[in-house]
Amino acid sequence: SQTIHQWPATLVQPVGSPLSLECTVEGTSNPNLYWYRQAAGRGLQLLFYSVGIGQISSEVPQNLSASRPQDRQFILSSKKLLLSDSGFYLCAWSLTGMSGTYEQYFGPGTRLTVT
Amino acid sequence: SQKIEQNSEALNIQEGKTATLTCNYTNYSPAYLQWYRQDPGRGPVFLLLIRENEKEKRKERLKVTFDTTLKQSLFHITASQPADSATYLCASPPDNYGQNFVFGPGTRLSVLP
């Protein structure tokens with residue numbers, strides 16, 4: 001069966017510090033991978049998605065970046081965090097078939113607080 | 001741009017009643033819609049997918065409808081239970097076979113005993 005891992009679960013970082021969040025998927029090949037951010041009491045905002053190694057699409061201009069160095073690994077980074085980067089970060093995966101892209105499976109999330 | 005709206009930020013119902021949540025989309029015609037459940041501090045969990053050529057989909061106490069004329073999907077939970085209390089999100093690709101997703105803001109459902 002497929003599983004998705006995210007770490008760390010919680011993170012407190014000062015403004016201006018770097019960020020690296022990692023997500024890995026097990027039990028599937030060539031998944032689509034996604035990074036979302038959810039501000040407190042708000043909906044999901046898609047940040048990046050990837051349909052293959054080295055292929056990253058950015059949805060929202062910001063000081064964040066994403067990379068996919070391996071098929072089942074997705075990394076979210078920042079060189080200098082802003083207060084507005086605080087939120088709940090979720091990684092997700094899905095598969096694409098003949099009828100389109102199917103349901104997404106989410107990781108447990110990382111709660112980031114920028115102080 | 002494509003937009004999904006869920007008309008109620010919060011909904012309170014009595015245990016045993018049917019909860020009905022609404023998802024409306026504008027400026028596009030999605031090939032399918034998905035519904036997810038999210039508990040506090042957790043990632044969303046997929047519940048149901050309904051395609052544009054399907055009028056209705058059922059799974060146990062859950063029922064989803066898709067009305068392309070009204071540009072709307074309804075999500076029903078029959079015989080609701082306190083354990084059904086959660087935030088429910090609808091989502092769709094922004095165009096046919098798109099590989100990214102647009103999520104609605106969610107409706108927080110509270111089932112009162």
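See the values below:
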item: Residues with amide H under 5 Å from that of B:L109, placed H, sequence gap 5 or more; result: B:L11, B:A86, B:T87, B:Y88
item: Under the Karplus curve 6.51 cos²θ - 1.76 cosθ + 1.60, θ = phi - 60°, whole-Hz ³J(HN,Hα) for the range B:27-32, x wherever Gly or Pro sits; result: 6, 6, 10, x, 6, 7
item: Accessible-area composition of chain A, carbon plus sulfur, in percent [1.4 Å probe]; result: 54
item: Pair B:A83, B:L112: separation of 7 Å Cα→Cβ label points (nm); result: 2.3
item: Interface area, B with A, accessible, probe 1.4 Å, both sides summed, Å² nearest 100; result: 1700
item: Point-charge dipole on Cβ atoms (K/R +1, D/E -1) for chain B, about Cα centre, debye to 20; result: 160
item: Per residue value of the accessible surface for chain B (all protein chains in place, 1.4 Å probe), Å²; result: 49
item: Modelled FRET efficiency - R0 35 Å, A:S65 with B:N24, Cβ distances, 0.05 increments; result: 0.55
item: In order through the range A:2-18: 3J(HN,Hα) via Karplus (6.51 cos²θ - 1.76 cosθ + 1.60), integer Hz, x for Gly, Pro; result: 8, 9, 10, 10, 9, 8, x, 6, 9, 8, 10, 10, x, 4, x, 8, x
item: Label-to-label distance, nm, for residues given as A:N30 and B:R42 (7 Å Cα→Cβ offset); result: 3.3
item: Shielding by partners, peptide A:87-93 (average Cβ within 10 angstrom, other chains); result: 2
item: Whole-angstrom gap from the range B:57-76 to the range B:18-33, using each part's C-alpha centre; result: 8
item: FRET E, pair B:T69, A:T113, Förster distance 41 Å, beta-carbon r, rounded to 0.05; result: 0.35
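The values are calculated or read from the model by the stated rules, or taken from the named source; none is laboratory data. Worth saying up front: this structure is predicted, and the values here are computed from it rather than measured. Because the Cβ atoms are built from the backbone with ideal geometry, glycine has one as well, and the counts that use them run over all protein chains shown. Protein only, heavy atoms only, side chains kept; ligands, DNA and RNA dropped before computing areas. Shrake-Rupley method; radii C 1.70, N 1.55, O 1.52, S 1.80 Å.
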